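Here is the structure we will look at.
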Amino acid sequence: MTQAGSDYAWPHRDLLGLEDLSAQDIRFLLTTAHGFEDVSTRSIKKVPALRGRVVVNLFFEDSTRTRSSFTLAASRLSADTLELTGKGSSVSKGETLTDTARNIEAMGVDLIVCRHSHSGAAKHLAHAVNCSVINAGDGQHEHPTQGLLDIYTLCKRWDLMDTMDLTGKSVAIVGDIAHSRVARSNIHGLLKLGAKVILVGPPTLCPRTFESLGCEVSHNLDDVLPRIDAINMLRIQFERMTSQFFPSVREYAKIFGLTGKRITKAKPELLVMHPGPINRGVELDAAVADGPQSTILEQVTHGLAVRMAGMFLCLNRQSNPTS
Amino acid sequence: MSHMTTLADSSKIASLVDDLAGQINEAISASGSSHPWAIVGIRSRGDLLASRLAEKIDPAVIEKRLGVLDITLYRDDLSEINHQPVVRTTEIPFDIDNTNIVLVDDVLMTGRSIRAALQSLMDLGRPRRIWLAVLVDRGGRELPISADFVGVDLKDEKLGDEMIVDVHLMPLDDQDCITTHPKQKGSTK
């Protein structure tokens, strides 16, 4: 029987970053995720799509929500999962990332989900192994499933699931852009789907070099607020900062924090996103984080569907390779 | 697409749908079941057929219980097919526990889609019973599955694997028709 629509086929074995995906790839993955969303709401929260496949979570950095989201996504597709952490494993005994990965692969693994503090680690891993690799965050580079779930959330809230065309929408990303893999994945994905991206933060954390990606850079949140449709508030990542980038947390919160008072300058339908975990009182006030404009918990829910879609597509890539 | 034969045009399909609806209405009233009834179509043409049937079945019986099932995630041939599997939404906006379900598909051949659909329905709840309605039964079963209501029965034609039976339904296709043609070389489906 003929498939309705085009002869499009998902071409990627790995999901390493949104920079590597075309607009069509992104739209296809998010459409697939839409089909997965109902699996989480029914009495039997499981489909047999990846029965007999093995997914390994290989995390060299702390993670709660991303790791559990990947584990749950794999279980809902009936895959078996194996949890490995950097701490307490042979990596702390001096084994290289490549050796670790090849040893895991030798156990008969189909997919490695990797988080690592070094930018490019997931790509390095993908070159070393024959199984699929999904990047769950590599240093300051990309966090593709986070970028995808953010865009999915916007498309749903804006009722754009049919077209996923974000032309005419403006999205601000606020905070520590320089150290943020979430920002990079969002920038690539949003621009590809036609949105305007405005980056906001102190010059030390939000340098003008980002203009070369096609974004607007601003250092004044109050100027930007009235002309945006969504705002993604990033967490200050103290653990990635090697020197002092701003005078004090209190000053940062005063200038770049989204408070209940400041949000009144924005359009009433402004959507407020946050990749979590929130530093309440720093980048987001409790009133805003828990308010009606907040999409924070929807983002977490959508993360499951998006990760299921990513795993399903990478593991069911059709055999005629086009990439 | 050479050697294509048209088995039914749009007016023939309309009368086949009328006939199927008649069979279903009769069976529902003969069943005497006190449980609710629902119609569920399998994407991507069984759902179109299901909504056409639903219009012709006593509205007091089905009360708008019309559902769409996407069986992609339940297929047993995901690793063998050579085209991109497309996952779409399953939309069953009613409780299927203790509901009598008429499952609808366009063409019945191996029975594997129906097996997947049955498993998918069981994962959504515990239906009272499931009946199967198909527009075409072309024979070629690989599983012990049979239809309760059939529009066109081609089982005795012994079509074989190399013949393809296609159902085209608007608005997904340009027109309503049922065609047969030999499988093109190099295609595994």
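The values are calculated or read from the model by the stated rules, or taken from the named source; none is laboratory data. Predicted model, so just to flag it, every value in this text is computed and none were measured. Note: ideal-geometry Cβ built from the backbone for every residue, glycine included; neighbour counts use all protein chains shown. Just the protein is used for accessible areas: all its heavy atoms, side chains included, with ligands, DNA and RNA removed. Shrake-Rupley method; radii C 1.70, N 1.55, O 1.52, S 1.80 Å.
Here segment A:189-226 and segment B:122-156 have alpha carbon centers that stand 57 Å from each other.
Among B:THR89, B:THR72, B:THR99, the residue with the largest mean-square fluctuation in a Gaussian network model of chain B, with springs joining Cα atoms closer than 10 Å, is B:THR89. The charge dipole of the protein assembly as shown, taken about the Cα centre with unit charges on the Cβ atoms of Lys, Arg (+1) and Asp, Glu (-1), comes to about 1400 debye, rounded to the nearest 20. Among the residues of A:44-51, the average count of other protein chain beta-carbon atoms within 10 Å of the residue beta-carbon is 5.
Per-peptide packing, taken as the mean over residues of other Cβ atoms within 10 Å, places A:271-277, A:301-307, A:142-148, A:94-100 in the sequence A:142-148, A:301-307, A:271-277, A:94-100 from highest down. Across segment B:67-129, C-alpha contacts under 8 Å between residues 6 or more apart give a mean separation that, scaled by the residue count, equals a relative contact order of 45 percent.
The count of lysine pairs in chain B with alpha-carbon distances below 20 Å, taking only pairs 8 or more places apart or on different chains, stands at 7. The share of alpha-carbon pairs in segment B:70-172 lying farther apart than 23 Å comes to 32%.
Of B:PRO127, B:GLY32, B:GLY139, whose Cα points farthest to the positive end of the dipole of chain B (charges on the beta-carbon: +1 Lys, Arg; -1 Asp, Glu; origin at the Cα centre)? Towards the positive end, the residue furthest out is B:PRO127. Springs join every pair of Cα atoms under 10 Å in this Gaussian network model of chain A, and among A:THR31, A:THR167, A:THR295 the largest mean-square fluctuation is at A:THR167.
Kindly report, to the nearest 10 Å², the accessible surface of A:MET107 as traced by a 1.4 Å probe over protein heavy atoms only. Per-residue accessible area (A:MET107): approximately 130 Å². Note on segment A:242-312: dipole from Cβ charges, positive end direction compared against A:THR264, A:THR295, A:LEU284; the farthest Cα belongs to A:THR264. Once the Cα atoms are used to define both axes, helix A:23-36 deviates from the longest principal axis of chain A by about 80 degrees.
Across segment A:145-207, Cα-Cα distances exceeding 19 Å account for 29% of all pairs.
Evaluated over chain A, the count of Lys pairs having alpha-carbon atoms less than 30 Å apart is 26 (only pairs 8 or more residues apart or interchain). Taking B:HIS168, A:HIS118 and ordering them by how much accessible surface each has at a 1.4 Å probe, largest first, produces A:HIS118, B:HIS168.
For chain B, a Gaussian network of Cα nodes joined below 10 Å ranks B:ILE164, B:ILE42, B:ILE24 by mean-square fluctuation, and the top entry is B:ILE164.
For the protein assembly as shown, the share of DSSP beta bridges that are antiparallel, to the nearest 5, is 15%. For segment B:11-56, the spread of Cα coordinates along the three principal axes comes to 32, 22, 13 Å, biggest extent given first.
Between the alpha-carbon centers of segment A:230-292 and segment A:51-72, tell me the distance in whole angstrom. Cα centres, segment A:230-292 to segment A:51-72: 28 Å. The phi-based Karplus calculation (6.51 cos²θ - 1.76 cosθ + 1.60; θ = phi - 60°) puts the 3J(HN,Hα) values of segment A:43-54 at 5, 9, 8, 7, 10, x, 4, 10, 4, x, 8, 10 Hz, whole numbers, x for Gly and Pro.
Ratio of Rg to Rh for chain A: 0.97 [Cα atoms; Kirkwood radius as inverse mean 1/r over pairs].
Per residue, the convex hull spanned by the Cα atoms of segment A:144-300 amounts to 103 cubic angstrom.
Bridge orientation summary for chain B: considering DSSP beta bridges with both residues in this region, about 30 percent are antiparallel.
Once the Cα atoms are used to define both axes, helix B:46-56 deviates from the longest principal axis of chain B by about 50 degrees. Share of pairwise Cα-Cα distances greater than 19 Å in segment B:1-155 is 54 percent (whole percent). For segment A:160-266, the Cβ-based charge dipole about the Cα centre amounts to some 220 debye (Lys, Arg positive; Asp, Glu negative; other atoms uncharged).
Each of B:VAL150, A:GLN318, A:THR85 was placed along the dipole of the protein assembly as shown (beta-carbon charges, centred on the mean Cα), and the one lying farthest toward the positive end is A:THR85. The accessible-area ordering, largest first, of the residues B:ILE28, A:ILE278 stands as A:ILE278, B:ILE28, per a 1.4 angstrom probe.
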